[in-house]
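A.B. asks: Right, I'll just put the structure down here and ask away after.
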Amino acid sequence: AAVNYVLGYSINDQTTRQQVAAANITGTPFSIWAGPVSVAAGVEYRKEESSAITDAASQASRFDLGNYKPLDGAYSTREIYGEVVVPLMTGVTLARSLELNAAVRETDYSTSGAVTTWKLGLSYEPIADVRIRATQSRDIRAPNISELFTAGIQGRVQVTNPFTGQGGLQVDQITSGNLNLTPEKADTFTAGIMYQPSWLSGFRASLDYYRIEIEDVIGQFGAQLTV
């Protein structure tokens, strides 16, 4: 009886479901001076669901660590998007190809509302072996089900007492979700050059630069910072 009192099974039986419906269309509806214009457009619906069953001991927080709580969360997403590739120059001196790529997407989350993402880019081939590209975009990352709905997971971390300087102190930490989270937003700029010589089969080299500025980052304060 004493052994059974201190031993047990910590159970977290989680099921995740995703439902997706999408429709899209692509084509080259017309041409301009440099060639055909390519377009793509579509709509998409997604529903993410997750549920978890845990044991009674965990629900009562009787274990030293873990103590998973039941989970029942869902959110849906509705999207509409469009993209276009426009040739600006083709087959002229020092401009074997120059094309514009632009896209926009409107996403409506059931948990946090609508957000717009977009990109605008140029791709330039002065000669057959060299391609130069640059893109400016607005990007997002939405919170996932765990970040939104997790009821609480108990762990143990070490901290330092900021008043006495004593280190190695173990404290309990409970991590939970937050229904008030909104998508991360990033402004991203990338530029690069690619060299693929026709005289050396299979060789390709590229050099890229990127700059990403993020706001509304989804994260958490560490235990030491909280202390």
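The values are calculated or read from the model by the stated rules, or taken from the named source; none is laboratory data. Given the structure is predicted, the values throughout are model-derived calculations rather than measurements. Keep in mind that these areas ignore ligands, DNA and RNA; they rest on the heavy atoms of the full protein, side chains included. Shrake-Rupley method; radii C 1.70, N 1.55, O 1.52, S 1.80 Å.
A.B. asks: Probe radius 1.4 Å, ligands and nucleic acids ignored: give me the carbon and sulfur share of the accessible area of the stretch 149-227 as a rounded percent. Each step should come with its number before you reach the end.
C.D. replies: Working: 3170 of 5800 Å².
Percent of accessible area from carbon and sulfur atoms in the stretch 149-227: 55.
A.B. asks: While we're on this one: Rg and Dmax of the stretch 114-165 over Cα atoms: what are they, in angstrom?
C.D. replies: When restricted to the Cα atoms of the stretch 114-165, Rg and Dmax are 23.5, 67 Å.
A.B. asks: Please give every one of the lysines within straight-line cross-link reach of LYS119, meaning a C-alpha to C-alpha distance under 24 Å, and leave out same-chain neighbours fewer than 8 residues apart.
C.D. replies: Within reach: LYS185.
A.B. asks: Please work out the average accessible area per residue across the chain, using the 1.4 Å probe convention, and give it in Å².
C.D. replies: 65
A.B. asks: For all pairs of alpha-carbon atoms in the stretch 170-227, what percent lies in each bin of width 5 Å, listed from the first bin to the last filled one?
C.D. replies: Bin by bin from 0 Å, the calculated values are 4, 11, 13, 11, 11, 10, 9, 8, 8, 6, 5, 3, 1.
A.B. asks: Moving on to the next point. Specify the inter-centroid distance of the stretch 39-58 and the stretch 163-227, based on alpha-carbon positions, in whole Å.
C.D. replies: 24
A.B. asks: Return the single residue from LEU98, LEU181, LEU169 with maximal mean-square fluctuation; model: Gaussian network over the chain, springs between Cα atoms under 10 Å.
C.D. replies: Of LEU98, LEU181, LEU169, the Gaussian network model singles out LEU169 as fluctuating most.
A.B. asks: Treating each Cα of the stretch 1-52 as an identical point scatterer and ignoring solvent, apply the Debye formula and state log10 I(q)/I(0) at q = 0.19 Å⁻¹.
C.D. replies: -0.81
A.B. asks: Here's another thing I want to ask about it. When Rg is the radius of gyration of the Cα atoms in the stretch 146-204 and Rh is its Kirkwood radius, what does Rg/Rh come to?
C.D. replies: 1.41
A.B. asks: What's the Kirkwood radius of the stretch 1-97 in Å, using all Cα pairs?
C.D. replies: Values: mean 1/r = 0.0531 Å⁻¹.
Computed over the stretch 1-97, the radius equals 18.8 Å.
A.B. asks: Taking the alpha-carbon centroid of each part, what is the distance from the stretch 143-157 to the stretch 3-27 in angstrom?
C.D. replies: 14
A.B. asks: Give the relative contact order (percent, whole number) for the chain; include only Cα pairs under 8 Å separated by 6+ residues. Numbers along the way, then the final one.
C.D. replies: Numbers: 526 pairs, mean separation 31.4, N = 227.
Reported relative contact order: 14 percent.
A.B. asks: Here is a further query. Take the Cα radius of gyration of the stretch 46-188 and divide it by 2.2 N^0.38 Å, with N its residue count; two decimals is plenty. Please list the in-between numbers first.
C.D. replies: Numbers: Rg = 24.7 Å, N = 143, 2.2 N^0.38 = 14.5 Å.
The reported ratio for this selection is 1.70.
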